[in-house]
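The values are calculated or read from the model by the stated rules, or taken from the named source; none is laboratory data. Computed from a predicted structure; not experimentally measured. Glycine also receives a Cβ, built like all others from the backbone with ideal geometry; neighbour counts cover every protein chain displayed.
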Amino acid sequence: MKKLIVLTLTVLMVLSLVAPGIAIASETGSTSVNVATGGGEYPVVKCKWEIEPNDPNYESGDPAHLTPGTQINPPLAACTTKTICYYAVVTDEEDGGDVSQVFADVYHPNGSPEPYGPSVVGGVDPMPYFKYEVPFSYYVTGDPAEAIVWDAYYMGLITFNSDYDINDVIYELDKGTAAIWYGCEEIDYEQPGGYYNVYDYAVDDNNNLSEALYNQFLYVPTCGIEVDFTGINFGSTNLGVEKMIPGDTIWDCDPGINHATVRNIGNTWTHVKIMFDDMDFGKDSTGKWNVNFDARMGSDDAYYVGPIMPEQWYTLPNALNLSYKDELDISINILKGFGPHTGTIYLECVTEPFADPVPPIIVGQCARGDCCQESD
């Protein structure tokens, strides 16, 4: 998915006080504990699925439900989140369905860059790329639960335990020996696109832990950019002289002219793709344009692109990190023409795949603090 932007060219200090003459000693010791498990049959997670509760189709990335599982589009808005609800049907056959806890361990996609990468290890079965543990609450059983399961089933969202199918699940819900549990959590706009690994567990009243039921949901990899300017005004210039309008890294909550900053609002690394019209300077009799442009993201000339001819897309070679921003320098070089001219600049984004180690083309400054939409 591409995002198109069209623009016009014209101390807190905390003090800890200790009374004189009082010595403070510090000692370190170890702690240990063992959670006993009881006998009998273990609880079972019979099926599971995820939804977007605020989307009428339960999954924004596949509203027609053509692909099995859940696909979720990022919000493509800085500093925002999306709610994801995790559902499971669980039972403890030995105890008539009694379950004390249900939860999901969720992991970022394999290959995600830090701080979402392999350095974060967690979960019941500790693994890298840990995102969070989602606690579930008891929801419902009986007829209301059956209706919910049938809806998710017909949408193709459900993953079943290999020992069960839809008929088994509906039967137990009808008998009240199984129930739906669920929990909801947020995913940030900037968190890496890809397949998130989800492991659901149940615990019964004897502290018996179920086997995990595993599935994935797709946070659809989508690039997105946003700028804090409405136009570029090159002012007065001479023929044959390249004139630059430098950008900056200060995010302007009230977009204006010039001082261009661009930030990544998608869930992938992203290049900036740029195109200009000819501002009505046209071509000479040989077909040569009477104007051309240059562009650079950041201040490193290694990433300078030019000359950029009108009506052609150019992709800048460096790419923005997740939730990062950088300055956008724009230049013009008029070869022939007089008087005032106006035109249009077009911006799109192009995804750069994640890689380890992070390549030097991934640039920018953290933009997470530039969350000023609500105050504007």
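For segment 328-336, state whether one or more residues are surrounded by fewer than 16 Cβ atoms within 10 Å (Cβ to Cβ) and either modelled with pLDDT of 95 or more or not β-branched (Val, Ile, Thr) (or both). Checked against the condition, which is being surrounded by fewer than 16 Cβ atoms within 10 Å (Cβ to Cβ) and either modelled with pLDDT of 95 or more or not β-branched (Val, Ile, Thr) (or both), segment 328-336 yields at least one hit. All conditions in (1) among the charged types (D, E, K, R); (2) surrounded by 13 or more Cβ atoms within 10 Å (Cβ to Cβ); (3) at pLDDT below 95 hold for residue 348, with the sole exception of (3). With respect to the conditions (1) farther than 18 Å from residue 194 by Cβ; (2) modelled with pLDDT of 95 or more; (3) surrounded by 19 or more Cβ atoms within 10 Å (Cβ to Cβ); (4) not aromatic (Phe, Trp, Tyr), residue 131 lacks only one, and its number is (1). Might you check whether a residue that is more than 25 Å from residue 332 (Cβ to Cβ), of a type outside the set (Phe, Trp, Tyr) and out of contact with any Gly (no Cβ under 6 Å at 6 or more places or on another chain) occurs anywhere in segment 222-241? The answer is no; no qualifying residue exists.
Within segment 309-322, restricting attention to residues that are under 22 Å from residue 363 (Cα atoms) and among the hydrophobic types (A, V, I, L, M, F, W, C), the residue that is nearest to the chain's Cα centre (by Cα) is 322.
Here residue 121 fulfils each of the conditions (1) surrounded by 15 or more Cβ atoms within 10 Å (Cβ to Cβ); (2) at pLDDT 95 or above apart from (1). Consider segment 237-248 and keep the residues that are over 32 Å from the mean Cα position of the chain (by Cα) and assigned to a loop (DSSP other than H, G, I, E, B). The one that is surrounded by the fewest Cβ atoms within 10 Å (Cβ to Cβ) is 238. Considering only residues in segment 253-294 that are of a type in the set (Ser, Thr, Tyr) and in a loop (DSSP other than H, G, I, E, B), the one that is nearest to the chain's Cα centre (by Cα) turns out to be 268. Segment 128-236 holds strands (runs of 3 or more DSSP E) entirely within its bounds, and those carrying 2 or more residues that are of a type in the set (Asp, Glu) and in contact with a Ser or Thr (Cβ under 9 Å, 6 or more places away or on another chain) map to 179-188.
Within segment 271-298, residues that are over 15 Å from residue 333 (Cβ atoms) reach partners that are of a type in the set (D, E, K, R) and assigned to a strand (DSSP E or B) with beta carbons closer than 6 Å, at six or more positions or on different chains, in the pairs 271/352; 273/348; 297/326; 298/326.
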